[in-house]
Amino acid sequence: MTSFINTDEFNPFPVLDYISPEYFCDRKGETERIISAFMNGRNITLLSIRRLGKTVLLKHILHKLSKRKNTRVLYIDILPTENLSDFIKTFSEAIIEDEKKRRGFLEKISGLISAIRGKLVFDDMSGVPSVEISIKDEQEAELSVKRIFEYLAAQKEKYIVAIDEFQQIVHYPEKNVEAMLRTHIQHQHKDNFVFSGSSKDILVSIFSDYGKPFYQSSDMFELQRIDTNVYAKFIKKHFNKANKNIENTLIKDFIKYYHNHTFYVQYFFNRLFEKSGEDVKKSDFDFISELIIKEREYIFYNYRNLLSSLQYSVMIAIAKEGGVSQINSGKFLSKYNLTQPSSVTSAVKSLVEKEMVYFEDGKYQIYDVYFEKWLQKMY
Ligand SMILES: Nc1ncnc2c1ncn2[C@@H]1O[C@H](COP(=O)(O)OP(=O)(O)O)[C@@H](O)[C@H]1O
Ligand SMILES: [Mg+2]
């Protein structure tokens, strides 16, 4: 390991947000399929476990679409919203952000603002506009939502609206939010929507429960992991471009080691890129993977305090097995000294609720891949 630390070179493995197509790996088929759905007037529901790449895929797609004529794109993350008022605020701010780039901006949006009973305020320091909403009751809120959709309908361009973390709407205190949104979205003939989120159960129930308002109103699209070879090629290309030699088989081994879980792979190669010299050696790979879990150790110890001792034992067992399909099999229970099958079942259930564990491909797996690696090492 060289002590060389990269400070003046751009790191081609962004870990926080979408930058541009060049630093975005693959997802060609997904991008095509989703854009094609929009062009044919269909909406999309995009789901997957967290940190697999839904948000950056949405931004990639919107980036492409924004270059088309007669198309406008809006991205709305509703994770921080708690009620319809917040939803209206977030949605209208996205519209304003988009209008800002156009002529006649103030006049146009002041119509919108007054229609939704909002007030435009400018940040003293940055001058960034935001909307203050003062809504008295549910009826008023519903009317404001209606006005937002009317605003979209009144523009001549086609809107593509991405609503990220859509499952959040089921936590709003107002009743019938699903039904109300469905009604508007159904009548929005010109525009299309993509609903995205990681709470599979909730999203599937919103969109496919017979009798629920959103029943079959959009195509279900479950995002998969990026193919190992494709991801390895992308990684190698960026190392080589920066004049760093790196072995393809090693890259592939480490992609698989992190289960092709995009964020964990991407973050690892970001750190490896930062710390490596002209020749990236196996020892560099090992050093960085050790370093990452070492740096996070304090978080992992904290997890132990947040979980019951049985839950923690179950985490260790799942980590050691690299995923478990039969959580109540005698073999598994006795191997890890888990004596009471029924309490193991409820421990797993609450680990799933806490998003420490997820169930996919017939197996319970640890969400945080680095935590899994640490547990495997420590126990
Ligand atoms: N196709 C990709 N190319 C490069 N990096 C990606 C890609 N998909 C995901 N990532 C990385 O993984 C991180 C998590 O992705 P994100 O879109 O936030 O996941 P999700 O929305 O599914 O929770 C991103 O910040 C980015 O660093
Ligand atoms: Mg996301």
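Any idea how far the Cα center of segment 300-379 sits from the one of segment 224-291, in Å? Computed from Cα coordinates, the inter-centre distance equals 28 Å.
Where the alpha-carbon atoms of segment 177-226 are placed on the principal axes, they occupy 35, 25, 15 Å, in descending order. Placing dummy labels 7 Å off each Cα toward the beta-carbon, the span from S329 to S66 is 4.9 nm. The apolar share of the surface of segment 228-295, taken as the fraction of accessible area on carbon and sulfur atoms (1.4 Å probe, ligands and nucleic acids excluded), comes to 51 percent. The GluC sites (Glu not before Pro) of segment 52-98 meeting both criteria, a DSSP state outside H, G, I, E and B (loop) and at most 16 other C-beta atoms within 10 angstrom of the site's C-beta, are E82. Using 7 Å Cα-to-Cβ label points, what is the N40/Q155 separation (nm, one decimal)? Each label point lies 7 Å from its Cα, and together they span 2.6 nm.
Each Lys or Arg adds one and each Asp or Glu subtracts one; over the other residues with Cβ under 11 Å from the Cβ of I135, this totals -4.
When the trypsin sites (Lys or Arg not before Pro) in segment 66-174 are filtered for DSSP coil states and for at most 13 other beta-carbon atoms within 10 Å of their beta-carbon, the remaining sites are K67, K69, K100, K101, R102, R103, K136, K156. What the pair-distance distribution of segment 228-295 shows, using all Cα-Cα distances binned every 10 Å from zero, is 21, 62, 17 percent. Using only the alpha-carbon atoms, how far is helix 138-154 inclined from the longest principal axis of the chain? Give it as 0 to 90 degrees, nearest 10. On a 0 to 90 degree scale, this one is about 80.
Taking a ≥ b ≥ c as the square roots of the Cα gyration tensor eigenvalues, with a/c under 1.5 meaning rounded and otherwise prolate when a/b beats b/c, else oblate, which class fits segment 285-366? Judged from the Cα gyration tensor, segment 285-366 comes out prolate (a/c at least 1.5, a/b above b/c). Per residue of the chain, the DSSP helices (runs of n ≥ 4 H) give a summed -39500 (n - 2.57) that works out to -15500 deg cm²/dmol at 222 nm. Out of the DSSP beta bridges found with both residues in the chain, what percent are antiparallel (nearest 5)? Taking every DSSP beta bridge within the chain, about 30 percent pair in antiparallel fashion. Given q = 0.11 Å⁻¹, what are the Debye log10 I(q)/I(0) values for the chain, with equal point scatterers placed on the Cα positions and solvent ignored? For the chain, the Cα-only Debye profile gives -0.94. Here is the tail figure for segment 181-305: Cα pairs spaced more than 20 Å apart come to 60 percent of all pairs.
The radius of gyration of the Cα set in segment 6-151, together with its Dmax, comes out at 17.8, 56 angstrom. With respect to the chain, whose longest principal axis is taken over its alpha-carbon atoms, helix 262-275 is tilted by about 70°. Multiplying the residue separation of D219 and D361 by 0.36 nm and subtracting their alpha-carbon distance yields 49.0 nm. Candidate cross-link partners of K175 among the lysines, defined by an alpha-carbon separation under 29 Å and a same-chain spacing of 8 or more, comprise K54, K89, K119, K136, K146, K190, K200, K212, K349, K354. The stretch between K100 and A242, if pulled fully straight at 0.36 nm per residue, gains 47.4 nm over its current Cα-Cα span.
For the pair E290 and D17, label points projected 7 Å from Cα toward Cβ lie 3.6 nm apart.
The values are calculated or read from the model by the stated rules, or taken from the named source; none is laboratory data. None of these values were measured; they are calculated from a predicted model. Please note: Cβ atoms are built from the backbone with ideal geometry, for glycine as well, and neighbour counts cover all protein chains shown. The area values use the complete protein model at the heavy-atom level, side chains included, leaving out ligands, DNA and RNA. Shrake-Rupley method; radii C 1.70, N 1.55, O 1.52, S 1.80 Å.
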